[in-house]
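Here is the structure we will look at.
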Amino acid sequence: MLHRTTETDNRIAGPVDIGSAQGEVSGVKESQLAALLTPILTQHGLELDALESVPAGKRRLLRVTVDGDGPDGHGPSLDDISEATRAISTALDDTDAVGDAAYTLEVSSRGTGRPLTEPKHWRRNQDRLVKITPNEGEPVTGRITASDDDGATLSVLVDPKKQTTEDQRWAYADIAKAMVQVELNRKNEEGNL
């Protein structure tokens, strides 16, 4: 009898491409898994961002990283991920997509540890603080105030004493790397924590 467990969380998953050069995720056909998971995720308003399979003793840890707009347009909620996890678990149990080995399923969002690489990532992180490393020049930290298919506008603090900011427009082509910054004590509109 196979014992399969399912875990749902919102932990940050490391950057992993879907599948390996051989088209497999630790012996499981990447194309078969992607074909199985994609329509399930689409039904839940999500998209497949990455797959990773890691040996974990006698079992396998299958990490599925998802993304999507979510109810507020800023990424999937925990409820979205939880519902999708149940559907994925049922589908995996009903097929041989992961073979006969016992596995633990972990479904998570992209999290803040993944770089912003596509226009949709910028849109989903509107109003969040981001640090960009330009192709040329020094890194810049600012809040995403707008984004489109060509670039993003950041509100950048230019005078910390006066708390003055300026909008800077950045073309994606000019950005080498962009990472969302975690804010533990962000002030609201009235200046309160």
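The values are calculated or read from the model by the stated rules, or taken from the named source; none is laboratory data. From a predicted model like this one, the values you see are computed outputs, not experimental measurements. Glycine gets a Cβ as well: all are built from the backbone with ideal geometry, and neighbour counts include every protein chain shown.
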Within region 145-166, residues part of a strand (DSSP E or B) and loosely packed, with under 12 Cβ neighbours inside 10 Å come out as 159, 164, 166
Can we say residue 40 is farther than 25 Å from residue 173 by Cβ, out of contact with any strand residue (DSSP E or B) (no Cβ under 7 Å at 6 or more places or on another chain) and in contact (Cβ under 8 Å) with a residue 24 or more places away in the chain?
yes
If you check 158, 180, which single one turns out to be in contact with an Asp or Glu (Cβ under 7 Å, 6 or more places away or on another chain) and modelled with pLDDT under 95?
158
Considering every residue within region 52-65, establish whether at least one is under 18 Å from residue 111 (Cα atoms) and either exposed (fewer than 14 other Cβ atoms within 10 Å of the Cβ) or free of Cβ contacts under 8 Å to residues at least 40 places away in the same chain (or both).
yes
Condition met for residue 186 (assigned to a loop (DSSP other than H, G, I, E, B), farther than 20 Å from residue 44 by Cα and not assigned by TED's automatic domain parsing to the domain that holds residue 34):
yes
Please verify whether residue 75 is on the phi > 0 side of the Ramachandran plot, free of Cβ contacts under 8 Å to residues at least 60 places away in the same chain, touching a Pro at 6+ places or on another chain (Cβ under 9 Å) and not β-branched (Val, Ile, Thr), treating the condition exactly as stated.
no
With (1) crowded, with 21+ Cβ neighbours inside 10 Å; (2) modelled with pLDDT of 95 or more as the list, and residue 81 as the residue in question, which single condition is left unmet?
(2)
Condition check for residue 131: over 30 Å from residue 57 (Cβ atoms), basic (Lys, Arg) and part of a helix (DSSP H, G or I):
no
From the options 142, 75, residue that is crowded, with 18+ Cβ neighbours inside 10 Å and not in a loop (DSSP other than H, G, I, E, B):
142
Answer with yes or no whether residue 97 is touching a residue at least 40 places away in the same chain (Cβ under 8 Å), in contact with a Lys or Arg (Cβ under 7 Å, 6 or more places away or on another chain) and assigned to a loop (DSSP other than H, G, I, E, B).
no
When region 104-139 is examined, which residues are found to be among the acidic types (Asp, Glu), within 19 Å of residue 156 (Cβ to Cβ) and crowded, with 20+ Cβ neighbours inside 10 Å?
none
Any residue at all in region 93-110 that is modelled with pLDDT under 90, aliphatic (A, V, I, L, M) and touching a helix residue (DSSP H, G or I) at 6+ places or on another chain (Cβ under 9 Å)?
yes
